[in-house]
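The values are calculated or read from the model by the stated rules, or taken from the named source; none is laboratory data. Keep in mind it's a predicted model, so treat the numbers as computed, not measured. Using ideal geometry, Cβ is built from the backbone for each residue, glycine included, and neighbour counts are taken over all protein chains shown. Side chains are part of the model used for accessible areas, which takes the heavy atoms of the whole protein and leaves out ligands, DNA and RNA. Shrake-Rupley method; radii C 1.70, N 1.55, O 1.52, S 1.80 Å.
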Amino acid sequence: IVGGGCGAAHAGRISSELAMPLVIIPRLASGLCAYGEAIADIKHDYTASYTTQLDSLDHDRLTSILESLEANGHKDLASEGVAADAACIERTLYIRYVGQAWECPVTIPGGMVTRQMISEAEEGFHAVHEQLYTFSDRATECELITVNVTAYGRKPKIEVPSKPYEGRDPSQAKKGER
């Protein structure tokens, strides 16, 4: 069953590659794509580089960077008609071991950046690193690489009227084999 705006355009080739003998294209397939866009929350990401070892991190500088990114998020959401009480901000630090080639995302709370917050972020980094790569090395220095703020604008949920099914009885449909 095809859905989305370009689903029908790709369904033939994909079904052929998968040796599927039948493709069903609902009359409103592209409408489902538009409906998804209409009900989806708004999301903007704002990123800044700030490379420093965690033990020498300037808390005031990081707070300033985060506040600036958040202000941009609130401004952009307001320009799109999002009420202040429908806005939500998420802060993420991208941390790695010094000299490592990849970072791990760690979410931090709002407010002024404190030593305690950075200590908790470092512990969060070790946990994420262990989960992703099966090890962590608490003896190795950690460094902040990137600061990210995601601004969400929550849209009101749309009530979709339900309509009882009026088609053929589906009890005779083919089951257990695809």
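So, in the chain, how many Lys pairs have Cα atoms under 22 Å apart, if the pair is 8 or more places apart or on different chains? Walk me through the numbers before you get to the answer.
On the way: Lys43/Lys75; Lys43/Lys155; Lys43/Lys157; Lys75/Lys155.
Lysine pairs, 8 or more places apart or on different chains, close enough: 4.
What FRET efficiency, computed as 1/(1 + (r/R0)^6) with R0 = 22 Å and r the Cβ-Cβ distance, is obtained for Arg61 and Lys155, rounded to the nearest 0.05?
Details: r = 34 Å, r/R0 = 1.57.
Working from the Cβ atoms, E equals 0.05.
Using a Förster distance of 25 angstrom, determine the FRET efficiency expected from the C-beta separation of Thr146 and His10, and round it to 0.05.
Efficiency for this residue pair is about 0.15.
Please compute the length gained on full extension between Ala173 and His44, using 0.36 nm multiplied by the number of residues separating them and subtracting their Cα-Cα distance. Mind dumping the intermediate values first?
Details: separation 129, 0.36 × 129 = 46.44 nm, distance 4.39 nm.
Residue separation times 0.36 nm, minus the Cα-Cα distance, leaves 42.0 nm.
Rounded to whole Å and sorted largest first, what semi-axes of the equivalent ellipsoid does the C-alpha gyration tensor of the range 73-113 yield via the square root of 5 times each eigenvalue?
In descending order the semi-axes read 30, 12, 7 Å.
Quick one: dipole size for the chain, taken about the Cα centre, charges +1 on Lys/Arg Cβ and -1 on Asp/Glu Cβ, in debye to the nearest 20.
For the chain, the charge dipole is close to 1160 debye.
What's the magnitude of the charge dipole for the range 131-178 around its Cα centre, counting Lys and Arg as +1 and Asp and Glu as -1 at the beta-carbon? Answer in Debye, nearest 20.
With only Lys, Arg, Asp and Glu charged at Cβ, the dipole is about 460 debye.
Compute the whole-percent fraction of alpha carbon pairs in the chain spaced more than 19 Å apart.
Working: 11106 of 15753 pairs.
So the pairs more than 19 Å apart make up 71 percent of the total in the chain.
Given a 1.4 Å probe and every protein chain left where it sits, what share in percent of the accessible area of the range 109-178 is carbon and sulfur?
After summing per-atom areas, the C and S share lands at 53 percent.
Between Ser68 and Arg138, how high is the FRET efficiency from 1/(1 + (r/R0)^6) when r is the Cβ-Cβ distance and R₀ = 25 Å? Nearest 0.05. Walk me through the numbers before you get to the answer.
Details: r = 32 Å, r/R0 = 1.27.
The computed FRET efficiency comes out at 0.20.
Counting pairs of alpha carbon atoms under 8 Å apart in space and at least six apart in sequence, what relative contact order in percent does the chain give? Before the final figure, lay out each step's value.
Working: 246 pairs, mean separation 51.2, N = 178.
Reported relative contact order: 29 percent.
Would you mind pulling out the separation of the Cα centroids of the range 1-38 and the range 53-79, in Å?
42
Putting +1 on Lys and Arg Cβ atoms and -1 on Asp and Glu Cβ atoms, find which of Gly124, Cys6, Leu54 reaches farthest to the positive end of the dipole of the range 1-153.
Cys6
When the helix-only estimate is applied to the chain (DSSP H runs of n ≥ 4, each -39,500 (n - 2.57), divided by the residue count), what is the mean residue ellipticity at 222 nm, nearest 500 deg cm²/dmol?
The helix-only estimate for the chain comes to -11500 deg cm²/dmol at 222 nm.
Given 0.36 nm per residue, what is the gain on full extension from Val23 to Ala86 after removing their alpha carbon distance, in nm? The partial results should precede the final answer.
On the way: separation 63, 0.36 × 63 = 22.68 nm, distance 4.04 nm.
Result: 18.6 nm gained on full extension.
From the square roots a ≥ b ≥ c of the eigenvalues of the alpha-carbon gyration tensor of the range 121-178, which class results: rounded (a/c under 1.5), prolate (a/b over b/c), or oblate?
The shape class here is oblate.
Taking the simple approach of a point 7 Å from Cα along Cα-to-Cβ for both Glu37 and Thr107, what is their distance in nm?
Calculated label separation equals 2.8 nm.
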